[in-house]
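**Q** Mind looking over this structure? Questions follow.
The values are calculated or read from the model by the stated rules, or taken from the named source; none is laboratory data. Source: prediction; values computed, not measured. Positions of Cβ are generated from backbone atoms using ideal geometry, with glycine treated the same way; all protein chains shown enter the neighbour counts. Accessible surface areas use protein heavy atoms only, side chains included; no ligands, DNA or RNA. Shrake-Rupley method; radii C 1.70, N 1.55, O 1.52, S 1.80 Å.
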Amino acid sequence: MDTLVRDVFAETFSAMNEGCATASSSSAGGAMDVFQKLIPGFWECLRAELVVPDQAEIDRLRASVPTYVESLGSNRESAMRLGEDLGLLHSGWESRAEEAQRIVRAVTVYFLDTEDNVPDYYLSGLKDDDHVIAAAFTALGLARAESA
């Protein structure tokens, strides 16, 4: 019953936030302002993670993604796609502006957190991660990989 209630909550929460996905990086303000507008239900959770990591931390985060993807069992297919998206966000890391680095770090930490807003091991547990990663792509003016 607990799983069912959490899954229904996750789907409802996701549906409430889908309207935000139409904003674009051409909105007033920089990437951080756009990112914040796209994730109103997640902002408080992510705000503390919006710091610029040193190279050792970003290397550790990058290396953790494939291991985490493999650990997600029944959600592994969705996790693989999100892992690929994170790979795109991490490419060219060194040349990204500090604001972009902050956003990429925050969404990576969020993805790697099993117990984020909706625990990743629930049936719909990666929908919130997908929403946060999509917001990062939009805020940074980048395109996600085409889904097969």
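**Q** So, with a 1.4 angstrom probe, what is the percent of accessible area on segment 76-148 that is carbon and sulfur?
**A** Heavy-atom surface of segment 76-148 belonging to carbon and sulfur, 1.4 Å probe: 49 percent.
**Q** Please calculate how many Å² of accessible area segment 59-148 carries per residue, with a 1.4 Å probe and no DNA, RNA or ligand atoms counted.
**A** 46 Å²
**Q** Describe numerically, in nm with one decimal, the distance between label points set 7 Å from Cα along Cα→Cβ at residue 115 and at residue 54.
**A** 2.8 nm
**Q** Ok, one more. Please work out the FRET efficiency for the pair residue 43 and residue 97, using the Cβ-Cβ distance as r and a Förster radius of 30 Å; give the result to the nearest 0.05.
**A** Once rounded, the FRET efficiency stands at 0.90.
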